Structures are given as structure tokens and as C-alpha cells.
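*Asks:* One structure follows; several queries about it will come next.
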Amino acid sequence: MKNMPLGTLIHNIELQPGQGGKMVRSAGASAQLANKEEKYAVLKNAFW
């Protein structure tokens, strides 16, 4: 995610690397990349 621009819509998010997608997996669901810090990213629900 460190190379993705803020505002990008994403889906099928892993909570831990290599763990497999756990969040935002249903049809039509997405999250928006709101902020990036050193080690973490902040996501928010994107209701479209």
C-alpha cells in the first residue's frame, strides 16, 4: 500500500501479511485509503 495514492478504493484486505483477505470481501464493497503512516494505513468505508 505504500505506493498507492490516497483515495484509492481497495477490497479483500489482509490484516496480517500472508494471512489472506479478511475485510471488505462482499460484492460491491470497498474501502478508501484515507491516510498512511510509517507502518500502518488508515482505511474508511466507502459507501457508493
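*Asks:* Could you please give the count of residues in the stretch 13-43 that are loosely packed, with under 12 Cβ neighbours inside 10 Å and assigned to a loop (DSSP other than H, G, I, E, B)?
*Replies:* 14
*Asks:* Before we move on, is Ala41 modelled with pLDDT of 95 or more and of a type in the set (Gly, Ala, Ser)? Spell out the reasoning first.
*Replies:* Values: modelled with pLDDT of 95 or more: no; of a type in the set (Gly, Ala, Ser): yes.
For Ala41, the condition - modelled with pLDDT of 95 or more and of a type in the set (Gly, Ala, Ser) - is not met.
*Asks:* A follow-up question, please. So Gly18 fits all but one of (1) touching a residue at least 12 places away in the same chain (Cβ under 8 Å); (2) on the phi > 0 side of the Ramachandran plot; what number is the exception?
*Replies:* (1)
The values are calculated or read from the model by the stated rules, or taken from the named source; none is laboratory data. Here the structure is a predicted model, which means the values were calculated and not measured. For neighbour counting, all protein chains shown are included, and Cβ atoms are generated from backbone atoms with ideal geometry for every residue, glycine included.
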